[in-house]
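*Asks:* Please see the structure below; I have some questions.
Please treat every number below as a calculation from the coordinates, not as lab data. Please read all numbers here as calculations on a predicted model, not as lab measurements. Cβ atoms come from the backbone with ideal geometry, glycine included; neighbour counts cover every protein chain shown.
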Amino acid sequence: QAQLVESGGGLVQPGGSLRLSCAASGSIFSIYSMRWYRQVPGKPRALVATITGGGSTDYADSVKGRFTISRDSAKITVYLQMNSLKPEDTAIYFCNVLAYSVNIWGQGIQVTVSS
């Protein structure tokens, strides 16, 4: 069974940058979309960015112009480049892959933006 493993989180000062990675182990075919979500305590998980199987991208309004989602199809890896980070970007970030007969989540990784 395929699994997703996230990396790249941590503590960064406001205005800084981080790059999250989410790598799949195992075989995944016919990927429909790869997404990043984030969640803060007491709030529902929120969609941050999407990249479709065809390469189209979409972003939450709160991160447009600051975050960039990309992928390496050969490695089945999705990235989230986060620039100009703000304290309100602090959250646990989760990756998700939706594919034929597959809807899997990573374990989540903490991103903290604080001085």
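*Asks:* Can you list the lysines whose alpha carbon sits under 25 Å from that of Lys64, skipping same-chain ones fewer than 8 residues off?
*Replies:* List returned: Lys43, Lys86.
*Asks:* Under a GNM of the chain (C-alpha, springs under 10 Å), which listed residue has the highest mean-square fluctuation: Asp58, Asp72, Asp89?
*Replies:* Checking each option, the largest mean-square fluctuation is seen for Asp72.
*Asks:* Here's something else I'd like to know. Sequence gap at least 6, Cα distance under 8 Å: using those rules, report the relative contact order of the stretch 1-49 to the nearest whole percent.
*Replies:* With pairs under 8 Å counted, the relative contact order is 30 percent.
*Asks:* State which stretch of the chain is the longest one without any exposed chymotrypsin sites (Phe, Trp or Tyr not before Pro), exposure meaning a DSSP loop state and at most 12 other Cβ atoms within 10 Å. Walk me through the intermediate numbers first.
*Replies:* On the way: sites that count: Phe29, Tyr100.
Excluding the exposed sites themselves, the longest stretch runs over 30-99.
*Asks:* Over the chain, calculate the relative contact order: mean separation of alpha carbon pairs under 8 Å at least 6 apart, over the residue count, as a percent.
*Replies:* Numbers: 281 pairs, mean separation 42.4, N = 115.
So the answer I get is 37 percent.
*Asks:* Rank Leu11, Leu20, Leu80 by mean-square fluctuation in a GNM of the chain with C-alpha springs under 10 angstrom and give only the top-ranked residue.
*Replies:* Leu11
*Asks:* Moving to a separate point now. In nm, give the distance between the simple-model label positions of Ser73 and Gln13, each being 7 Å from the Cα along the Cα-to-Cβ direction.
*Replies:* Computed distance between label sites Ser73 and Gln13 equals 4.1 nm.
*Asks:* Within straight cross-link reach of Lys75, meaning Cα distance under 14 Å, which aspartates and glutamates are found once same-chain residues fewer than 8 apart are removed?
*Replies:* Qualifying aspartates and glutamates at Cα under 14 Å: Glu6.
*Asks:* Further question on the same structure: Taking just the C-alpha trace of the chain, give me its Rg and Dmax in Å.
*Replies:* Expressed in Å, the Cα Rg and Dmax of the chain come to 13.5, 43.
*Asks:* Continuing with this model, one more query. Taking K and R as +1 and D and E as -1, what net charge do the other residues with C-beta under 14 Å from the C-beta of Thr112 add up to?
*Replies:* Numbers: positive: Arg38, Lys86; negative: Glu88, Asp89.
For residues surrounding Thr112, the net value is 0.
*Asks:* Which of the trypsin sites (Lys or Arg not before Pro) found in the stretch 34-65 are in a DSSP loop and have at most 11 neighbouring Cβ atoms, other than their own, within 10 Å? Write down the numbers at each step before the final one.
*Replies:* Working: sites: Arg35, Arg38, Arg45, Lys64; in loops: Arg45, Lys64.
Passing both the DSSP loop test and the Cβ count: Lys64.
*Asks:* Roughly what would the spin-label model give for Thr57 and Arg45, points 7 Å off Cα along C-beta, in nm?
*Replies:* 2.2 nm
*Asks:* What nm value, rounded to one decimal, do you get for the distance between Ser27 and Ala2 when each label is placed 7 Å out toward the C-beta?
*Replies:* About 1.2 nm separates the two model spin labels.
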